[in-house]
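The values are calculated or read from the model by the stated rules, or taken from the named source; none is laboratory data. Being a predicted model, the structure only gives us computed values, none of them experimental. Note that we place each Cβ from the backbone using ideal geometry, even for glycine, and neighbour counts take in every protein chain shown. We work out accessible area using only protein heavy atoms, side chains counted, and drop any ligands, DNA or RNA first. Shrake-Rupley method; radii C 1.70, N 1.55, O 1.52, S 1.80 Å.
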Amino acid sequence: MTLATAAPSALLAFLPTPAPGLFRWFVVFVVALLTWQGTTSDYDVTQPIGPQRQAKVVLLLLAVSSCFWAPAMLPWLAVYCGRLRGWKHHAMMPLRLVKAYLAWVFVATVLSTPESSTALVLVLGCVSLSHYVKPAWSKARLGPRPWSWAWHNRTHYLTASAYSWGWARFLPPETVTGILRRARVVDRPLNILTVLVEAAGLIAFHDRRLLVVVLAATAVFNLAVVLASGIFFWENICTNAALALTVALLPDPEYAPTFGWPAVVIALLVFVLSTADLLWQPWHLGWWDSPFTARVNWQVETASGAKLGLYNDFMCPYEREFGRVLGYFLTSEPILHGHLGIVWDRVLRDRLVGAVDDPAELQHLKQTYGRAQADDEQAGEHIAFLTAMFIELNAGTPKGPLPRRLRRLKAPGGQLYHWGDLPPYRGEEPVRRITIRYQERCYRPETGDFALLADRVVQEIHLPAITTDHGSPSCAKSSSTAEPTSESC
């Protein structure tokens with residue numbers, strides 16, 4: 001794929017390149033941002049390390065090349081999205097901005113109009129803001145009236161569920177309860193402000209200053225999201241802040257014709273088409289927040305007998321998967337919500353609040369609204385992956401490209417669920433057993449406490465013992481059971 005994208009890029013070497021002005025540095029910043037993430041992410045130690053290391057080196061070289069020659073971004077995209085699995089939810093908006101810029105470079109080069117860059121303001125702004133306009137539209141469709149979500153959603157439930165899920169569990173429950181009691185008072189004002197920020201893109205192109213304010217507002221909005229839920233759109237925060245700064249620094253005489261009501265009409269057409277998934281497909285991001293969560297947790301027992309939590313940050317490069325709903329295929333329990341307890345039925349949200357102290361009602365809701373996702377094939381693949389991963393780690397295979405003393409330079413993840421009932425495992429010593437648990441938790445709005453409703457083992461994986469001579473496994477296979485067992489090695 002990389003070679004295939006390099007060929008059309010090389011053809012442009014003989015044509016005059018466009019002059020994007022400040023936007024060149026903006027896109028270079030975005031490429032640098034995503035290159036940081038791609039080159040510092042951990043290896044999948046179940047796969048050969050050599051090709052992964054080579055891909056990171058190639059990505060870095062292509063990123064440097066793209067600073068001086070824009071067409072190098074095409075093979076850069078192929079490496080980042082393909083070989084390094086960079087095409088994920090949190091990176092989609094910045095990547096689409098790079099693609100939009102690259103499309104402009106190709107068109108301007110082929111048409112021999114290298115001096116025309118005013119259209120980039122509208123193109124890049126629409127790509128960015130469409131990822132907020134569509135969620136506003138999704139929220140407007142949740143209830144019987146467009147304002148139902150803003151008026152009736154209990155957004156502080158999101159914070160409660162995130163705490164149950166693993167966000168900011170270093171705070172004592174009493175502190176979180178106090179925060180939630182204060183937060184519920186401002187649910188409606190915050191909901192209305194959220195919709196206004198997301199929908200502001202509809203009129204943002206009327207004036208340059210308005211566009212700057214809207215882009216800056218989306219960055220602040222995403223900062224609020226991470227504080228409330230542990231969902232960290234750091235790529236979007238940095239990208240929109242940089243885009244706002246770029247637009248603010250544009251020379252007035254040259255870019256003034258880009259703004260006004262004609263630009264608003266064009267942007268509206270783009271937003272309609274992107275919302276209908278006819279241009280690109282931003283995520284809907286519209287739901288009802290509930291205080292109930294059911295999730296799968298991973299724990300490890302080390303060689304010394306210490307029991308530690310295996311949290312999603314350690315599972316990089318799959319930190320997003322392990323931070324969301326991965327593991328439901330291991331249990332036969334009906335699952336009735338999505339990530340962080342979200343549901344798409346307001347009635348179900350309200351009934352869950354009342355079912356926390358009524359096991360029969362909760363079971364009825366699970367049977368009525370839930371769906372069992374048990375899958376033996378996926379479960380077997382998952383067990384094989386964890387077994388192979390920890391056999392490699394126990395044998396001393398490096399988990400990431402950065403040495404331990406430089407791990408703080410690693411790019412952050414997008415799902416900050418790094419805490420739980422146990423201290424985190426950081427790879428200090430070998431692991432001899434992995435325990436996978438199914439847990440149900442619920443925040444009680446009336447009393448303000450967090451209830452553990454279910455906690456049971458769904459799988460145990462016993463790893464081969466580690467010898468002291470070369471650190472290699474002393475037995476050839478691992479075992480797994482549905483209930484706690486004694487060690488197999």
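Take residue 378 and tell me if it is open to solvent by less than 70 Å² (accessible area, probe 1.4 Å) and modelled with pLDDT of 95 or more. Give the steps one after another, and end with the answer.
On the way: open to solvent by less than 70 Å² (accessible area, probe 1.4 Å): no; modelled with pLDDT of 95 or more: yes.
Taking the combined requirement at face value, the residue does not satisfy it.
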Q.
So, in region 156-191, exactly how many residues are over 24 Å from the mean Cα position of the chain (by Cα) and either among the basic types (Lys, Arg) or outside any helix (DSSP H, G or I) (or both)?
A. 5
Q) Which of the residues belonging to region 329-342 are farther than 18 Å from residue 456 by Cβ and surrounded by fewer than 20 Cβ atoms within 10 Å (Cβ to Cβ)? A) 338, 339, 342
Q: Take region 289-328 and flag every residue that is farther than 28 Å from residue 96 by Cα, open to solvent by less than 30 Å² (accessible area, probe 1.4 Å) and either among the basic types (Lys, Arg) or touching a helix residue (DSSP H, G or I) at 6+ places or on another chain (Cβ under 7 Å) (or both).
A: 289, 290, 291, 292, 293, 295, 296
Q) Restricting attention to region 75-90, which residues are open to solvent by less than 10 Å² (accessible area, probe 1.4 Å) and under 19 Å from residue 23 (Cα atoms)? A) 76
Q.
Exactly one condition in (1) in a helix (DSSP H, G or I); (2) surrounded by fewer than 13 Cβ atoms within 10 Å (Cβ to Cβ); (3) within 15 Å of the chain's Cα centre (by Cα) is false for residue 222; which is it?
A. (2)
Q.
Can you tell me how many residues within region 264-288 are within 22 Å of the chain's Cα centre (by Cα) and either surrounded by 19 or more Cβ atoms within 10 Å (Cβ to Cβ) or within 30 Å of residue 434 (Cβ to Cβ) (or both)?
A. 6
Q: Exactly one condition in (1) over 28 Å from residue 454 (Cα atoms); (2) open to solvent by 40 Å² or more (accessible area, probe 1.4 Å) is not met by residue 184; state its number.
A: (1)
Q) If we scan region 404-412, do we find a residue that is under 18 Å from residue 299 (Cα atoms) and open to solvent by 60 Å² or more (accessible area, probe 1.4 Å)? A) no
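Which residues, taken from region 288-306, are closer than 20 Å to residue 457 by Cα and in contact with a Lys or Arg (Cβ under 9 Å, 6 or more places away or on another chain)?
Result: 292, 293, 294, 295, 296, 297, 298, 299, 300, 301, 302, 305.
Yes/no matrix, rows are residues, columns are (1) touching a residue at least 60 places away in the same chain (Cβ under 8 Å); (2) of a type outside the set (Val, Ile, Thr):
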{"site": "189", "(1), (2)": "no, yes"}
{"site": "236", "(1), (2)": "yes, yes"}
{"site": "240", "(1), (2)": "yes, yes"}
{"site": "247", "(1), (2)": "yes, no"}
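From the list 103, 72, 63, 55, pick out the single residue that is closer than 27 Å to residue 129 by Cβ, of a type in the set (Gly, Ala, Ser) and either open to solvent by 80 Å² or more (accessible area, probe 1.4 Å) or touching a helix residue (DSSP H, G or I) at 6+ places or on another chain (Cβ under 7 Å) (or both).
Details: 103 fails: either open to solvent by 80 Å² or more (accessible area, probe 1.4 Å) or touching a helix residue (DSSP H, G or I) at 6+ places or on another chain (Cβ under 7 Å) (or both); 72 fails: closer than 27 Å to residue 129 by Cβ; 55 fails: closer than 27 Å to residue 129 by Cβ.
Within the list 103, 72, 63, 55, the selection yields 63.
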Q.
Cβ-Cβ distance below 9 Å, separation of 6 or more or different chains: which pairs start in region 448-460 with a residue that is within 22 Å of residue 356 (Cβ to Cβ) and outside any strand (DSSP E or B) and end on one that is polar (S, T, N, Q) and open to solvent by less than 20 Å² (accessible area, probe 1.4 Å)?
A. 448/177; 449/177
(Q) Just the residues that are part of a helix (DSSP H, G or I), open to solvent by less than 90 Å² (accessible area, probe 1.4 Å) and of a type outside the set (Lys, Arg), please, taken from region 132-155. (A) 132, 133, 135, 136, 138, 140, 148, 149, 150, 152
